[in-house]
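K.L.:
Dumping the structure here so I can ask a few things about it.
The numbers here are math on the coordinates, done by the rules we state, and not lab data. All figures in this text were calculated on a predicted structure; none of them were measured in a lab. Please note: Cβ atoms are built from the backbone with ideal geometry, for glycine as well, and neighbour counts cover all protein chains shown.
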Amino acid sequence: MAIQAATPKRDSGLRFHWWWILVVVGVLLVAGVFAFAIFKPIKVLPRMRLAPGFTLIDQSGQRLTSEDLRGQVVLFNFLYTGCGAECDQMNATMREVQQRLGEVELGGLPVQFVTISFDPAHDTPEALARYAESLGADTSQWRFATGDPARLKEMIGGGFEVYYAPDEGGGFQFDPTFVLVDGWGIIRGKYRYQVQVRDADRILRHFGVLAEEVQKATGANKLIYEAAHLFLCYSP
């Protein structure tokens, strides 16, 4: 009888012991979440969604696909060459970011710039080449491209979620937007604004954040970066 009475006590003590371990682990996890959220030891850019796939033709008449850009950080913008002064500041921002890349510690991370025209009827490869030349663009790194109208609408409007539509004057209404895509084809930044120059500084800063993640998010550090994404340690 004594042996039978002792057994439940040991079981009860064991359950009590594990219950306290679970409580302590839970407290530590909650404390860790708060510490990560407050002190933000690592900043990352949000993983918004997968960028759309595409096949375009660039200013040289060469095919440009989303797969060609894998492994590279790409800054996209969207316009048409007939937009005139409306696009001047957006082009200036793109050019400034390209020219100032040397200010960012990229660690060898390849970078590309892609301007996509949503007016293929007028923006032929030849027209895009003239436009690139007029901007003084370095086309070894900054490409201008367009494609099939229906697929452009699906890609730009649906995939990148950038608004544009024909207007009554034969041009387009559109929302000036830059989109930053990482080497895995994931959208990491979206800059929708009334073409403000100061966004060049913000975009360059985000290039640096992405480059640091690529360099450091390996081995055990990868878990830390995943935690940063989980706890939304966002770099504005």
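K.L.:
Report the paramagnetic label zone for THR218: residues of segment 50-77 whose backbone N is under 18 Å from a point 7 Å from Cα along the Cα-to-Cβ axis.
P.N.:
Hits in segment 50-77 for THR218 at 18 Å: 71-73.
K.L.:
For Cα pairs less than 8 Å apart in space and 6+ apart in sequence, what is the mean separation divided by the residue count of segment 107-236, i.e. the relative contact order in percent?
P.N.:
On the way: 103 pairs, mean separation 21.2, N = 130.
16 percent.
K.L.:
Compute the distribution of all C-alpha to C-alpha distances in segment 82-216, in bins of 5 Å from 0, and list the percent of pairs in each, rounded to whole numbers.
P.N.:
Taking all Cα pairs of segment 82-216, the binned fractions are 2, 9, 18, 22, 22, 15, 8, 3, 1, 0, 0 percent.
K.L.:
Further question on the same structure: Using the per-residue mean of other Cβ atoms lying within 10 Å as a proxy for protection, in what order, highest first, do the peptides 83-96, 175-188 fall?
P.N.:
Values: 83-96: 16.6, 175-188: 19.2.
In decreasing order of mean packing, 83-96, 175-188 become 175-188, 83-96.
K.L.:
Rounded to the nearest 0.05, what FRET efficiency do GLU126 and ASP148 give with R0 = 22 Å and r taken as the Cβ-Cβ distance? Could you check?
P.N.:
Values: r = 18 Å, r/R0 = 0.81.
FRET efficiency, GLU126 to ASP148: 0.80.
K.L.:
Here's another thing I want to ask about it. Just to confirm the filter: which GluC sites (Glu not before Pro) across segment 141-183 are DSSP coil and have at most 15 other Cβ within 10 angstrom of their Cβ?
P.N.:
Values: sites: GLU154, GLU161, GLU168; in loops: GLU161, GLU168.
Answer by residue number: GLU168.
K.L.:
Beta carbons within 10 angstrom, averaged per residue: use that to sort the peptides 111-124, 209-222, 56-69, highest first.
P.N.:
On the way: 111-124: 20.3, 209-222: 15.2, 56-69: 16.9.
Sorting 111-124, 209-222, 56-69 by mean packing, highest first, produces 111-124, 56-69, 209-222.
K.L.:
Within a Cβ distance under 15 Å of GLY84, other residues only, what is the Lys/Arg minus Asp/Glu net charge? Please list the in-between numbers first.
P.N.:
Working: positive: ARG130; negative: GLU86, ASP88, ASP119, ASP123, ASP167.
Net of charged neighbours comes to -4.
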